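The values are calculated or read from the model by the stated rules, or taken from the named source; none is laboratory data. Keep in mind it's a predicted model, so treat the numbers as computed, not measured. Methodologically, a virtual Cβ is constructed for each residue, glycine included, from the backbone with ideal geometry; neighbour enumeration extends over all protein chains shown. Side chains are part of the model used for accessible areas, which takes the heavy atoms of the whole protein and leaves out ligands, DNA and RNA. Shrake-Rupley method; radii C 1.70, N 1.55, O 1.52, S 1.80 Å.
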Amino acid sequence: MKTSAYDSAKGFIVTYKPLYETLLFNELNAKCNNIKLFERGKISSAFTTDDYNQIVNAIREEGFIFLQHIHPYSADCGITGCMDDLTAISEMLNVVVPYIEDDDSIVVQCRIDTDKVMEFSNRDLTNKLAERLNASGYHVEPREAEICISVTVFQNRAYMGISLIKDNVSDWTGGILFFSKENIISRAEFKIEEAFKVFDININNNMRALDLGAAPGGWTHFLSEKGICVDAVDPACLDDRVLNSDRVTHFKMTAQEFMRLYPEKCYDIIVNNMRMDTNESVDIMACISEQLKPDGICILTLKLPKKNVQKRINIAREVLSKRFKTVKIRQLYYNRSEVTAFLKNKI
């Protein structure tokens, strides 16, 4: 993709959890100059900007917590919700294809964000655009693509832009992930699977992990299925599928008891999905980090209060930064009223 593509952007579309819209807008206004809210959908909004490159730089600096997906737009058009819109939207390709290089592999991602009943679906629109690109000789290869042509459709308007997938925060359409529901113990497994993907966590079979607040065993199940030996700590019972694994040892006690009784144990990965106050979770992770190997990692979910959310997150980051070399906090797609923190130990 030609580097000038972002210079042509008229604005951008952001996707987020509606509950935390205000917090995301605060993040955007703090990091980006001359942006203006233009239109809202159900879970996304359109902004105008005269400098999309500043947005990209903020993303690359891990500057946003509540941003789940973003794409620029260089073209937009009015729509009515009928099948004729497919032709009007596909005409916008004329604006973005000049930025495609000969060796670029492309994926097309389309999303309809409105309660209005449309005569066409996301798939109809995606297929229409992909067919036109293929017919023009471009390489539409979703599995290999590094370049994304994105379309977001609101009630009366559609927006199209081109970007590097890595600059969209998530490489899934609108940041919406779909993981297999087969053989899972709980929905919580989706959270840790997404965290491993988003934070690009590498593992090997020689690793040992500690799962605090493990019951019913979703995170332990995910880790053990990856070949990791897991010490699962929780006074409650674990699912039989976890207990029957030769890679899992259940310590039927609280996290505080475990730290007191087994201070000599050491781990490559420590995870914590306990339902407790944010400050208490942070304190436990700061203490248990003494049992983390050099350059080891932690994954922690922080349950958010109804008020003073940003203040609570700021305090958590400040405390964790004193103990860990790396602290990244993101609200992932499978998070609800919580955020996920990725922590890396000081060597």
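If you take the alpha carbon atoms of segment 165-214 and fit the smallest convex hull around them, that volume is 117 Å³ per residue.
Heavy-atom accessible surface of the chain, averaged per residue, reaches 46 Å², computed with a 1.4 Å probe. Entry note, the chain: relative contact order of 13 percent, from Cα contacts under 8 Å with a spacing of 6+ residues.
Excluding same-chain neighbours fewer than eight residues apart, the aspartates and glutamates reachable from residue 2 by a Cα-Cα span under 19 Å are 50, 51, 101, 102, 103, 104, 141, 144, 146, 167.
Put simply, when 242-253, 215-226 are sorted by average Cβ atoms within 10 angstrom per residue, most first, you get 215-226, 242-253. Within the straight-line cut-off of under 15 Å between alpha carbons, the aspartates and glutamates reachable from residue 181 are 189, 193, 194, 225, sequence neighbours fewer than 8 places apart in one chain being disregarded. Between the entries (i) -0.82, -0.98, -1.15; (ii) -0.94, -1.09, -1.25; (iii) -0.90, -1.01, -1.10, the label attached to log10 I(q)/I(0) by the Debye sum over Cα atoms at q = 0.12, 0.13, 0.14 Å⁻¹ calculated for this structure is (iii).
Sorted from largest to smallest, which semi-axis lengths in Å does the alpha carbon gyration tensor of segment 55-171 give for its equivalent ellipsoid, taking the root of 5 times each eigenvalue?
Working: eigenvalues 102, 73, 27 Å².
In descending order, the three semi-axes are 23, 19, 12 Å.
Taking the simple approach of a point 7 Å from Cα along Cα-to-Cβ for both residue 114 and residue 181, what is their distance in nm? Here the answer is 2.9 nm between the modelled labels. Based on Cα contacts under 8 Å between residues 6+ apart, segment 14-160 shows a relative contact order of 27 percent. Relative to its residue count, segment 245-297 spans a Cα convex hull of 105 Å³ per residue.
Report Rg(Cα)/(2.2 N^0.38 Å) for segment 225-347, keeping two decimals.
Normalised by 2.2 N^0.38 Å, the Cα Rg of segment 225-347 equals 1.08.
The Cα center of segment 236-298 and the Cα center of segment 325-346 differ in position by 17 Å. Taking every DSSP bridge with both residues inside segment 215-347, close to 60 percent are antiparallel.
At an R0 of 41 angstrom, the distance between the Cβ atoms of residue 256 and residue 202 translates into a FRET efficiency of 0.85. Of the beta bridges in the chain, as assigned by DSSP with both residues counted there, near 60 percent are antiparallel. Over segment 267-326, the hull volume per residue, using the convex hull of the C-alpha atoms, is 70 Å³. Estimated from helices alone, the mean residue ellipticity of the chain at 222 nm is -8000 deg cm²/dmol (sum of -39500 (n - 2.57) over DSSP H runs with n ≥ 4, per residue). The lysines whose alpha-carbon is closer than 16 Å to the alpha-carbon of residue 344, local same-chain residues fewer than 8 away aside, are 197, 293, 322, 325, 328.
Normalised by 2.2 N^0.38 Å, with N the number of residues, the alpha-carbon radius of gyration of segment 44-112 equals 1.33. Residue separation of residue 122 and residue 277 scaled by 0.36 nm, minus their Cα-Cα distance, works out to 51.8 nm of gained length. Rolling a 1.4 angstrom probe over segment 1-149 with all protein chains present gives an accessible area of which 44% lies on carbon and sulfur atoms.
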